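First the structure, in the form of structure tokens, and then the observations on it.
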Amino acid sequence: MMDADPLILTLAFDEPTFARFDGERRRYFPEALNRIPAHATLFHHLPGDRERGVIEAITALARTVPRPEVAVTGLRFTGRGVAYVLESDALSNFRARLAQGFAPHLTAQDRQGWRPHVTVQNKVAPDKARALHADLSAGFAPFRFAAPATLLWRYRGGPWDAVARLPFGEND
């Protein structure tokens, strides 16, 4: 029987970048609600009943793409949280090509404009989020990292189950 629970595709970070983002997420995200590690979502809902085909499509494209360089350009106040803003033409092109291939299966959320980010705080009072945004912004310096892979997860209503790590480039 095929598993119909949806698949989520996120960006893997190099170790120092993950340590920074996940450390801040653990520090600032409400503990009772923080069930998943820091992540940047590429797709929120891919068809779970087509897992093999999803893995094959992502793997085939990712192999042709060198590790995308990603710029962390600033912080975004989200109203009830704070997120780091990510920019990468290479990553945006990779996601657009996947979106084209998955078009018949995409939800409205995944069809709308993509604004890559890493949320380190969410679901808090606006004044608390505004204070963290100001604090993190005051000490922020832009930085870059090379994304080693994408990560595929299965959504089961709470914590996500890891499905696959799908590296960029031929030699990873």
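So which of Phe43, Phe21, Phe13 ends up being in contact (Cβ under 8 Å) with a residue 60 or more places away in the chain, in a loop (DSSP other than H, G, I, E, B) and either in contact with a strand residue (DSSP E or B) (Cβ under 8 Å, 6 or more places away or on another chain) or at positive phi (or both)?
Result: Phe13 is the single residue among Phe43, Phe21, Phe13 that is in contact (Cβ under 8 Å) with a residue 60 or more places away in the chain, in a loop (DSSP other than H, G, I, E, B) and either in contact with a strand residue (DSSP E or B) (Cβ under 8 Å, 6 or more places away or on another chain) or at positive phi (or both).
Considering only residues that are under 24 Å from Pro68 (Cβ atoms), touching a residue at least 24 places away in the same chain (Cβ under 8 Å) and under 20 Å from the mean Cα position of the chain (by Cα), which ones fall in region 156-172?
Correct list: Trp160, Val163, Ala164, Arg165, Leu166, Pro167, Phe168, Gly169, Asp172.
So, of the residues in region 112-144 that are surrounded by 12 or more Cβ atoms within 10 Å (Cβ to Cβ) and under 14 Å from the mean Cα position of the chain (by Cα), which turns out to be farthest from Gly74 (Cα to Cα)?
Trp114
Of the conditions (1) of a type in the set (Asp, Glu); (2) over 18 Å from Phe145 (Cα atoms); (3) at pLDDT 95 or above, Glu31 fails just one. Which one is it?
(3)
Restricting region 35-53 to residues that are touching a helix residue (DSSP H, G or I) at 6+ places or on another chain (Cβ under 7 Å) and of a type in the set (A, V, I, L, M, F, W, C), which is surrounded by the most Cβ atoms within 10 Å (Cβ to Cβ)?
Per the stated criteria, the residue is Leu46.
Go through region 44-87 and give me each residue that's within 16 Å of the chain's Cα centre (by Cα) and basic (Lys, Arg).
Arg67, Arg76
Within region 87-103, identify whether any single residue is assigned to a strand (DSSP E or B) and within 23 Å of Phe145 (Cβ to Cβ), and answer yes or no.
Taking every residue of region 87-103 in turn, at least one turns out to be assigned to a strand (DSSP E or B) and within 23 Å of Phe145 (Cβ to Cβ).
So in region 54-111, with the set limited to residues that are of a type in the set (Phe, Trp, Tyr) and open to solvent by 10 Å² or more (accessible area, probe 1.4 Å), which one is nearest to Phe168 (Cα to Cα)?
The extreme case among them is Phe102.
Could you check how many residues of region 2-28 are charged (D, E, K, R) and over 23 Å from Phe145 (Cα atoms)?
The number of residues fulfilling the criteria is 2.
Of the residues that make up region 9-19, is at least one within 27 Å of Pro126 (Cβ to Cβ), surrounded by 18 or more Cβ atoms within 10 Å (Cβ to Cβ) and β-branched (Val, Ile, Thr)?
yes
The values are calculated or read from the model by the stated rules, or taken from the named source; none is laboratory data. Bear in mind that the values here come from a model prediction, so they are computed numbers and not experimental data. Every residue, glycine among them, receives a Cβ derived from its backbone with ideal geometry; neighbour counts consider all protein chains shown. Note: areas computed on protein heavy atoms with side chains; ligands, DNA, RNA excluded. Shrake-Rupley method; radii C 1.70, N 1.55, O 1.52, S 1.80 Å.
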